[in-house]
Structure formats: structure tokens, C-alpha cells
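J.: Below: one structure in C-alpha cells.
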Amino acid sequence: MFKKALATLVILLFLGLALAPSINADVEKDDLVELDVEFCGLGGKHTVKLTQEEYNEVELIFEDIQEKVSCVESDDEAVEIFNEAIVKLDKYGLLGGLSVKHVQRIFSNLQRLMDNKFLQRIASFITLNDDENSLCFISGRLSHIDFFRYIAVIFDSYNFVLNFLPIFNLCSSISVSCETWEHEGNGELYKSNGIITTRGLNGLIKLNGEIKGCLKEIQCGLGMGGWFYYIGVQGFFGIQLTNPVNDVSNFFGFARRVNVNYW
């Protein structure tokens, strides 16, 4: 009887060891955070899966960018912050097939473009309100934003020359907040909530809370319903990570024009 019980115990022990890896794998799989990563202006787009701990570390990287960009005194310092962040993000596989040096070189070229006196002179003809910026560094963490990559979206008559520079037509426009509309008039509003920081021709501007894009409104849809998108950023060139589960995006880079305000 004792031998039978011992044999049964040994079998159960081996079964437990065999099943443990698969159970742990399922738990680890469930704990993974999937992120959509895109390099606006570079054409790179991919998906990565991180552990919750890795995801929290990536969030801290973006928080660090926000704090440091608010304190820099020169464009060179801001670019250095971005370059350091690129190195850190690469450790989590977020750059995809792009090399650190390649992305850093492009960011440095964008800085020189933003510092171009001719472009700054053109941009200076546009009167900016207190919450608006132009030719600026930008970083943020916002919910309910969408990235558009169509020339028709970023075209506007008051900035004619900048629109026809090829580099800006490769970039994205960002909608900040959106809402649905229906034929019967029953829609739903999705307010963007979070923080956005810009540093450009209008100095340092930082907003934190429920934010709305104020550059223009785009209506998509026909017939029975569709969407209104409130465009707040034009000519965005940079990196964006979106968590599809909570629809929160972290991003940083450069922008031709930014106009957002509180609801």
C-alpha cells in the first residue's frame, strides 16, 4: 500500500513539474502590455509586448522627458534629452529595425531645420495666441488622440511655404479630443486628458488636464454618422507609443505648429 501511494505521489510530482511552465507562461502572457509604436515621418510602425514592469519603466522615461524639456535653456539641450531617451527606448526594442544613430541623426537634422532663420521668419508672420507654439519641440502623454498622415490634413493657406516643404508633408497632424456624430444628433465626446509640453518660437508652454485641439476641426463619415477630430498639432515628426487598452499615447519630437487649450 505504501509503495502504491509513493508511486502515485511521484507521478503527481512529475505532472506538476510538467504543467508548471505552461501555467507560468499563460500568466506571463496575460501580464504583457502590447504597444503600438510609430515613427511619424520615418514610416516605421510596429507592435511590441512588454511586461508590466517594463511598461512602467518606459512610462518613467517619457515622464522624465516632460520634466527635463520644461527646464532646458537651449535647443541643443532639448535634442540631447531626446537622444538620451532614444538610447533608453532601444533597450526595450521600441525602435524596431531602426538604429539608435539613425534616429538620433534625423532628430539632429530636424533641430537644424527648426532653427533655420528663413523658416523662423516665415513662421513669425503668424500671430500666435498665448497657448500656441510654432517650430517647436513637443512631448506629451494624452488619451484619445489620433495621428493623421495626409497632405490634405496638414495643408492650410496661411502657412503656404512651410506646407510645401517635403519634410513637413511626411509628418503627421494630431487630433486632440474627438467626438462622434449621428444623423439623429446623439453623439459622444472623448476628451483628451493628460499633459503636453512645447518649447519653440513662443517660448515654453505646458498644459495639464482636459485638452482640446484648436487649429481646425475635421469631419469624417457620411450618411448616418461619423467623427469630429479636433486638430491640435500640425507637422509632427517624432516617436509615439499608444496603449490600445486605455487609448493613452506617449510621444515626443518636433512640430511645425501646436494650438491646444483647456476645455
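The values are calculated or read from the model by the stated rules, or taken from the named source; none is laboratory data. Please read all numbers here as calculations on a predicted model, not as lab measurements. When we count neighbours, we look across all protein chains shown, and the Cβ atoms used for this are built from the backbone with ideal geometry, even at glycine.
J.: Just name the residue that is modelled with the highest pLDDT out of those in the stretch 97-123 that are surrounded by fewer than 16 Cβ atoms within 10 Å (Cβ to Cβ) and part of a loop (DSSP other than H, G, I, E, B).
T.: Here the residue is S99.
J.: Do you know which residues across the stretch 230-245 are at pLDDT below 95 and over 30 Å from E80 (Cα atoms)?
T.: V245
J.: Counting just the residues of the stretch 246-263 that are of a type in the set (A, V, I, L, M) and modelled with pLDDT of 95 or more, which one comes out nearest to the chain's Cα centre (by Cα)?
T.: V248
J.: For the list (1) over 17 Å from S177 (Cα atoms); (2) surrounded by fewer than 18 Cβ atoms within 10 Å (Cβ to Cβ); (3) at pLDDT 90 or above, I need the number of the one condition that G225 fails.
T.: Unmet condition: (3).
J.: Based on this model, can you work out whether G213 counts as within 29 Å of K49 (Cβ to Cβ) and either hydrophobic (A, V, I, L, M, F, W, C) or surrounded by 18 or more Cβ atoms within 10 Å (Cβ to Cβ) (or both)? Before the answer, list the steps.
T.: Details: within 29 Å of K49 (Cβ to Cβ): no; either hydrophobic (A, V, I, L, M, F, W, C) or surrounded by 18 or more Cβ atoms within 10 Å (Cβ to Cβ) (or both): yes.
The answer is no for G213.
J.: Another question about this same structure. Could you give every pair whose Cβ atoms fall below 7 Å, whose first residue belongs to the stretch 87-109 and is on the phi > 0 side of the Ramachandran plot, and whose second residue is outside any helix (DSSP H, G or I) and modelled with pLDDT of 85 or more, counting only separations of at least 6 or pairs across chains?
T.: G93/V48; G96/V37; G96/H46
J.: Can you tell me which residue within the stretch 20-35, out of those that are modelled with pLDDT of 85 or more and surrounded by fewer than 15 Cβ atoms within 10 Å (Cβ to Cβ), is nearest to V245 (Cα to Cα)?
T.: Looking at residues that are modelled with pLDDT of 85 or more and surrounded by fewer than 15 Cβ atoms within 10 Å (Cβ to Cβ), I get E34.
J.: Take the residues of the stretch 172-209 that are of a type in the set (V, I, T) and under 23 Å from I239 (Cβ atoms): which is surrounded by the fewest Cβ atoms within 10 Å (Cβ to Cβ)?
T.: Per the criteria, the residue is I195.
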